[in-house]
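For reference, the structure discussed in these notes is given below.
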Amino acid sequence: MSPHRMAQEIGRTPAGPREVPPLGEQRPAADLGCVDTVLESGLRVLAVRQAAVPMVELRLRIPFAGDDALHTARAEVLANTVLTGTARRDRFEVDTELALIGGELDARVDPERLRISGSSLSSGLSTLLDVLADALTSAAYPEGEVGRERDRLVERIAMARSQPSVIAREALQRHRYGEHPFTREIPQPDDVAGVAAEQVRTLHAAAVLPRGSVLILVGDLDPEGVVADVRRALGDWSSDAAATGLPELPDVVGGDLKLVPRPGAVQSQLRLSAQAVGRTDPRYPALQLANLAFGGYFSSRLVENIREDKGYTYHARSALEFTPHGATLLIDADTASEVTAAALLEMRYELGRLCLVRPSASEVDAVRQYAIGALLTSSANQPGLATQLDALTSVGLGPEWLREHPERLAEVTTEQVGQAAMEFFAPTRFTGVVVGDADRLAPELGALGGVSLR
Amino acid sequence: MAASELHKLTLDNGLRVVLAPDSTAPVVGVSVHYDVGFRSEPEGRTGFAHLFEHLMFQGSESLEKLAHFRYVQSSGGMFNGSTHPDYTDYFEVLPSAALERALFLEADRMRAPKLTEENLTNQIDVVKEEIRLNVLNRPYGGFPWIYLPQVLYQTFPNAHNGYGDFTDLEQATVDDCAAFFDTFYAPANAVLTVAGDFTVDRARELIEKHFGDVTARGAPPSRDFSEPAPQSELRHIHPDPHAPLPAFAVGYRMPDPVGELDSYLGYLVLAGVLAEGDGSRLQQRLLHRDALATDVSAGAGLFGPFEARDPDTFSITVVHAPNVPGDDVLGVVDAELAALAETPPGEEELAKVTARWAASLHGEHDRLMSRTLGLGSLELLYGDAGLIYELPGKISAITPAQVSAAAKSLRPDSRAILVVEPAGNGDDIEQGGAA
């Protein structure tokens with residue numbers, strides 16, 4: 001390389017350090033035209049006009065819990081085949097019609113709900129709704145498609161369970177909630193292999209129901225007009241029965257972490273969790289800010305400590321995970337085996353410190369600005385807004401919450417954030433798992449304590 | 001396409017600027033693309049371009065370590081950076097009230113970053129954790145982007161691992177950083193892009209104020225990474241201790257993405273015809289009709305199209321069941337390519353691909369972050385940010401004959417095949433150097 005300056009010379013200019021400019025005046029987001037209504041079938045429809053590009057984003061959420069031991073396997077096969085053929089279209093015709101409108105539809109299921117999401121050019125919305133209605137009212141579950149998807153699913157489950165993040169998630173769910181249906185995120189391969197097409201058709205008839213479900217449409221659309229289109233397109237989707245929600249979850253109780261062996265792993269997964277509260281609780285805005293200060297963004301105490309100061313991890317994070325009737329705190333980091341115990345020690349230290357050395361006024365101002373700005377940037381595009389509305393409607397809230405939340409965040413005091421820190425972040429409230437090379441980790445974790453080694 | 005109006009200017013120090021005002025939402029995106037990626041890093045310093053990207057966040061003459069992140073986030077914004085074969089980008093997306101602050105932050109690290117031993121050591125550790133997370137400790141880590149070029153290409157810039165070997169990363173010095181900065185991070189070697197809610201006059205004024213006195217240095221001469229295409233089928237077996245199923249990737253050379261754009265787009269459409277959607281040729285055949293495979297994809301560029309200059313890679317990847325010989329699956333791929341070479345695809349088949357591309361480009365435009373980065377990378381690689389608004393038209397103009405010609409050029413006697421063999425048996429060995 002050519003001759004160059006020394007690093008010290010590069011980091012110096014004749015003018016010297018400069019002042020960071022202040023923020024300007026912020027313009028609020030424009031109010032978006034919106035219709036929020038419940039159809040005769042019991043389906044809630046929320047249509048919002050956001051027309052920066054000629055596209056439409058669609059989210060349909062159907063409560064989809066079941067207590068049958070084989071529900072998870074059947075639901076998973078259903079999600080993988082609901083769009084593979086109807087009374088009117090085979091799998092390839094579905095794909096062709098969607099492709100020609102620049103569209104996509106995808107179905108996924110978790111222990112709580114079935115979600116069908118998609119998008120298309122706004123000029124193709126009537127086709128998108130027609131394909132959706134067709135699947136909802138006449139999904140055929142052809143034997144051949146069910147058989148092939150079932151086989152692929154068995155392979156994909158094997159693939160998923162080889163991912164350390166999935167191993168850690170399953171271990172955490174068992175450790176937090178035992179056998180509650182909420183833990184059944186991925187079915188057992190043998191159960192999937194035994195699912196018959198007829199069982200999937202029966203499940204569809206009994207559980208793919210409009211009452212209690214929510215359809216969200218965001219994009220270049222006329223909200224009033226689109227609700228009429230939905231009423232017409234989904235007119236045949238009806239039932240007196242309501243879709244099934246999950247039973248109440250027990251609260252997460254603090255206790256020892258569980259060491260889960262993964263022989264030969266070069267990196268460990270640390271996952272800590274504690275009970276929290278959701279968006280409908282008056283303490284939520286203060287909890288949201290306390291969580292950001294702890295580990296919810298890059299400039300948080302946890303990330304600055306274990307990544308930027310100590311280099312233990314590429315990413316560390318603390319987030320609120322919304323559960324059927326509330327929320328939990330979830331802290332995660334992946335670390336090299338040799339620093340896993342040290343990283344856990346620092347996590348506990350930062351938890352304790354958040355309670356005792358509470359977030360300062362400037363820390364609270366920083367997270368407040370971040371939370372308000374993040375709300376603005378993440379809802380400034382169609383998929384982002386649709387995803388936000390999906391989360392809000394699942395706890396009975398709507399677009400008005402998005403409009404009002406900046407004000408709620410502005411009103412939270414430093415004192416309230418400190419109280420939330422004390423109430424929710426005490427180290428003894430947490431439990432969790434450590435996944436990694438147990439032989440290598442056990443001596444240090446044993447010395448540190450608070451970890452069940454077997 | 002909802003084209004924003006575009007304004008371009010060049011400062012006296014050579015910094016190129018793209019402005020794309022749009023007041024739909026009160027947010028702005030700011031990015032800087034430097035014309036250096038991992039293909040330009042020196043031999044013996046694999047992974048250096050990416051390591052250096054991390055160091056650009058670690059403080060400057062005006063800002064302490066960590067201050068950059070704090071200023072962006074306490075303005076309500078988000079940030080990141082990423083290293084590509086031929087460029088490195090840095091960006092912020094923020095409420096529009098923070099525009100001047102974002103410009104200050106980018107100018108500040110372009111002018112005088114603080115490159116210290118302490119930050120270098122810390123970020124080598126962070127990068128090693130990133131590699132453990134994304135490559136060493138996960139199934140199919142680095143597949144195919146790290147391992148396929150090592151088979152398809154012969155020369156160091158094209159073939160080496162852009163994430164880096166641990167031994168190379170550990171040997172990086174502060175002086176390497178100084179040399180790299182002075183060579184490649186000159187304003188004349190960069191493009192600044194601002195998109196979103198602002199007025200052009202105000203942006204010009206702020207850009208001149210903050211970037212105007214960044215000292216001019218010469219841009220490095222443009223580099224030529226061309227090398228001959230392989231003269232045979234090259235194969236390599238890569239054991240993966242975490243992979244549950246066998247897989248392979250086939251890599252081919254393709255036309256120059258910049259100099260032969262129309263021809264390149266033929267390959268882009270071919271990738272869609274082959275593997276985009278249930279009705280695409282390979283998905284239909286491998287996943288649904290014959291049920292030989294679990295997953296199949298095809299693409300122009302290992303990170304997506306419009307990411308690199310010549311030479312660029314066309315790839316097809318397949319994950320398949322262990323009881324199906326990989327060569328049988330490859331035989332099906334070859335048969336489908338031969339069928340397309342013989343008989344061009346139908347008009348409707350192409351209409352499907354072009355409509356999905358139009359929708360996908362609208363989607364990118366809708367997300368301010370991808371819009372900002374797309375404008376910047378096209379300005380850097382093509383000298384034409386406005387190309388972003390011409391792409392849907394150019395893609396829909398591709399003819400069946402062009403797609404057929406692209407398929408014909410993907411010849412079995414000039415390609416690379418990387419085979420992933422599951423090698424998990426509980427005695428995993430850490431790769432990539434030191435533990």
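For the range B:225-251, give me each residue that is of a type in the set (Gly, Ala, Ser) and buried (at least 19 other Cβ atoms within 10 Å of the Cβ).
Result: B:Ala243, B:Ala247, B:Ala249, B:Gly251.
How about the range B:290-315: which of its residues are touching a residue at least 24 places away in the same chain (Cβ under 8 Å), assigned to a strand (DSSP E or B) and out of contact with any helix residue (DSSP H, G or I) (no Cβ under 6 Å at 6 or more places or on another chain)? Walk me through it before giving the result.
At the first step, the residues of the range B:290-315 found to be touching a residue at least 24 places away in the same chain (Cβ under 8 Å) are B:290, B:292-295, B:298-303, B:305-315.
Now restrict to residues that are assigned to a strand (DSSP E or B): B:293-295, B:298-300, B:302, B:313-315.
Result: B:Asp295, B:Leu302, B:Thr313, B:Ser315.
Do we find that B:Val318 is hydrophobic (A, V, I, L, M, F, W, C), buried (at least 21 other Cβ atoms within 10 Å of the Cβ) and within 14 Å of chain A (Cβ to nearest Cβ) in this structure? Steps first, answer last, please.
Details: hydrophobic (A, V, I, L, M, F, W, C): yes; buried (at least 21 other Cβ atoms within 10 Å of the Cβ): yes; within 14 Å of chain A (Cβ to nearest Cβ): yes.
Yes: the conditions hold for B:Val318.
Only one of B:Ile124, B:Ile146 is over 20 Å from the mean Cα position of the chain (by Cα) and β-branched (Val, Ile, Thr); which? Even if it seems obvious, please write down each step before you answer.
On the way: B:Ile146 fails: over 20 Å from the mean Cα position of the chain (by Cα).
None of the others qualify; the one that does is B:Ile124.
Just to be sure I understand, how many residues within the range A:136-172 are more than 16 Å from A:Gly194 (Cβ to Cβ), within 13 Å of chain B (Cβ to nearest Cβ) and either touching a His at 6+ places or on another chain (Cβ under 6 Å) or hydrophobic (A, V, I, L, M, F, W, C) (or both)?
Qualifying residue count for the region: 7.
Would you be able to say whether some residue in the range A:37-49 is assigned to a loop (DSSP other than H, G, I, E, B), farther than 20 Å from A:Leu215 by Cα and outside the structural domain of A:Trp401 (by TED's automatic domain parsing)? Working first, answer last.
Initially, the range A:37-49 is screened for residues assigned to a loop (DSSP other than H, G, I, E, B), giving A:39-43.
Okay, now just the ones that are also farther than 20 Å from A:Leu215 by Cα, so none.
No: zero hits.
So which strands (runs of 3 or more DSSP E) are wholly in the range A:243-331 and hold at least 3 residues that are among the polar types (S, T, N, Q)?
On the way: elements: A:257-261, A:267-276, A:313-323.
Qualifying strands (runs of 3 or more DSSP E): A:267-276, A:313-323.
Can you tell me how many residues in the range A:154-172 are touching a residue at least 24 places away in the same chain (Cβ under 8 Å) and over 21 Å from the mean Cα position of the chain (by Cα)?
Initial filter on the range A:154-172 (touching a residue at least 24 places away in the same chain (Cβ under 8 Å)): A:154, A:157-158, A:160-161, A:164-165, A:167-169, A:171-172.
Narrowing the set further to residues that are over 21 Å from the mean Cα position of the chain (by Cα) leaves A:154, A:158.
Going through the range A:154-172 one residue at a time, the tally reaches 2.
Does at least one position in the range B:374-387 carry a residue that is polar (S, T, N, Q), surrounded by fewer than 21 Cβ atoms within 10 Å (Cβ to Cβ) and assigned by TED's automatic domain parsing to the domain that holds B:Gly259?
Here is the first cut: in the range B:374-387, the ones polar (S, T, N, Q) are B:377.
Filter again for surrounded by fewer than 21 Cβ atoms within 10 Å (Cβ to Cβ), leaving none.
Within the range B:374-387 (the criterion being polar (S, T, N, Q), surrounded by fewer than 21 Cβ atoms within 10 Å (Cβ to Cβ) and assigned by TED's automatic domain parsing to the domain that holds B:Gly259), the answer is no, since none of the residues qualifies.
Can you tell me which residue is farthest from A:Ala158 (Cα to Cα) among those in the range B:271-319 that are more than 23 Å from the chain's Cα centre (by Cα) and acidic (Asp, Glu)?
B:Asp278
Can you tell me which residue within the range A:1-15, out of those that are within 7 Å of chain B (Cβ to nearest Cβ) and in a loop (DSSP other than H, G, I, E, B), is modelled with the lowest pLDDT? Before the answer, list the steps.
Let us first name the residues in the range A:1-15 that are within 7 Å of chain B (Cβ to nearest Cβ), namely A:1-2, A:4-7, A:10-13.
Going one step further and asking which of them are in a loop (DSSP other than H, G, I, E, B), we end up with A:1-2, A:4-6, A:11-13.
Working: A:Met1: 49, A:Ser2: 56, A:His4: 92, A:Arg5: 95, A:Met6: 95, A:Gly11: 95, A:Arg12: 95, A:Thr13: 95.
Ranking the qualifying residues of the range A:1-15, first place goes to A:Met1.
Can you find a residue that is crowded, with 23+ Cβ neighbours inside 10 Å, more than 7 Å from every other protein chain (Cβ to nearest Cβ), within 30 Å of B:Val419 (Cβ to Cβ) and at pLDDT 95 or above anywhere in the range B:351-359?
yes
Looking for whichever is among the hydrophobic types (A, V, I, L, M, F, W, C), under 25 Å from the mean Cα position of the chain (by Cα) and under 18 Å from A:Gly326 (Cβ atoms) here; the options are A:Leu292, A:Leu257, A:Leu272, A:Leu302. Which one fits? Give the steps one after another, and end with the answer.
Details: A:Leu292 fails: under 18 Å from A:Gly326 (Cβ atoms); A:Leu257 fails: under 18 Å from A:Gly326 (Cβ atoms); A:Leu302 fails: under 18 Å from A:Gly326 (Cβ atoms).
None of the others qualify; the one that does is A:Leu272.
Here is a check on your reading of the model: is B:Val135 touching a Lys or Arg at 6+ places or on another chain (Cβ under 8 Å), of a type in the set (A, V, I, L, M, F, W, C) and surrounded by fewer than 22 Cβ atoms within 10 Å (Cβ to Cβ)?
Numbers: touching a Lys or Arg at 6+ places or on another chain (Cβ under 8 Å): no; of a type in the set (A, V, I, L, M, F, W, C): yes; surrounded by fewer than 22 Cβ atoms within 10 Å (Cβ to Cβ): yes.
Against the criterion (touching a Lys or Arg at 6+ places or on another chain (Cβ under 8 Å), of a type in the set (A, V, I, L, M, F, W, C) and surrounded by fewer than 22 Cβ atoms within 10 Å (Cβ to Cβ)), B:Val135 does not qualify.
Among the residues of the range A:242-258, count how many are farther than 23 Å from A:Leu129 by Cβ, out of contact with any strand residue (DSSP E or B) (no Cβ under 7 Å at 6 or more places or on another chain) and of a type in the set (Gly, Ala, Ser).
Here the count works out to 0.
The values are calculated or read from the model by the stated rules, or taken from the named source; none is laboratory data. Values in this document were obtained by computation on a predicted structure and should not be read as measured data. Methodologically, a virtual Cβ is constructed for each residue, glycine included, from the backbone with ideal geometry; neighbour enumeration extends over all protein chains shown.
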